[in-house]
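Heads up, the thing below is written out as structure tokens.
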Amino acid sequence: MKYEFTLSYKLDPADSDLDDLIERLGEAGCTDALVGTGLAGHLCLDFTRDSTSAEEAMLSAIADINRAIPSAKLVEAGPDFVGLTDAADLVGVTRQNLRKLMVMHWTAFPSPVHAGSTAIWHLALVLQFLEARRYKFGRPLIDIAVVAMQVNHAREAALMGPLVDVRFATAYPVEH
């Protein structure tokens, strides 16, 4: 099955030769990715990877990148963080339709991760909401969104290190 996902990395200043990075990534098995460098010091890889599972697809890509560029630091796995427009585009509905569903079913619609001037949701949770209402989209999209969310959570937890305290998990229950 084909899985489409994005991995964004922050580069070490020593890794600034794009041609060298692309060569190393190809040798490590990332020939199924488009490489972009829109933000200085960052690298973004858009993968279309054949694999038996979404988890295998994303974790093998991360391992390939780690082999090619050991000093690179994962910033974000996607698709995960989305606004309403992004989520609507991914599932083939209009933004207005998705907003209407959000307003009509506010008790069931997932809470945003960020609710500033632009609200951001975990795509996997929005897809689960839509799937429960019989919206149809490819299983690979749901699977890869779940894995991307898990990778991002694991990355954040690793950043916290010993600061993570299990008491917070019970003191502040999370929406599922």
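For the chain, the normalised intensity computed at q = 0.09, 0.10, 0.14, 0.16 Å⁻¹ comes to -0.37, -0.45, -0.85, -1.04 (log10 of I(q)/I(0), Debye sum over alpha carbons, equal scatterers, no solvent).
Shown are 4, 56, whose ranking by accessible area with a 1.4 Å probe and every protein chain present, most to least, is 4, 56. In the context of the full set of protein chains, residues of the chain present 60 Å² of accessible surface per residue (probe radius 1.4 Å, heavy atoms only).
Between the residues 18, 104, 118, the greatest Cα displacement towards the positive end of the dipole of the chain, with unit charges on the Cβ of Lys, Arg, Asp and Glu, is found for 104.
Ranking 15, 143 by solvent-accessible area of protein heavy atoms (1.4 Å probe, all protein chains present), from largest to smallest, gives 143, 15.
May I ask for the net charge around residue 28, where only other residues with Cβ less than 14 Å from the Cβ of residue 28 are counted and Lys, Arg are +1 while Asp, Glu are -1? Value of the local net charge: -3.
The values are calculated or read from the model by the stated rules, or taken from the named source; none is laboratory data. The model shown is predicted, which means the values in this text are computed figures rather than measured ones. Positions of Cβ are backbone-derived with ideal geometry, glycine not excepted, and every protein chain shown enters the neighbour counts. Just so you know, the surface numbers come from the protein's heavy atoms only, side chains and all, with ligands and any DNA or RNA stripped out. Shrake-Rupley method; radii C 1.70, N 1.55, O 1.52, S 1.80 Å.
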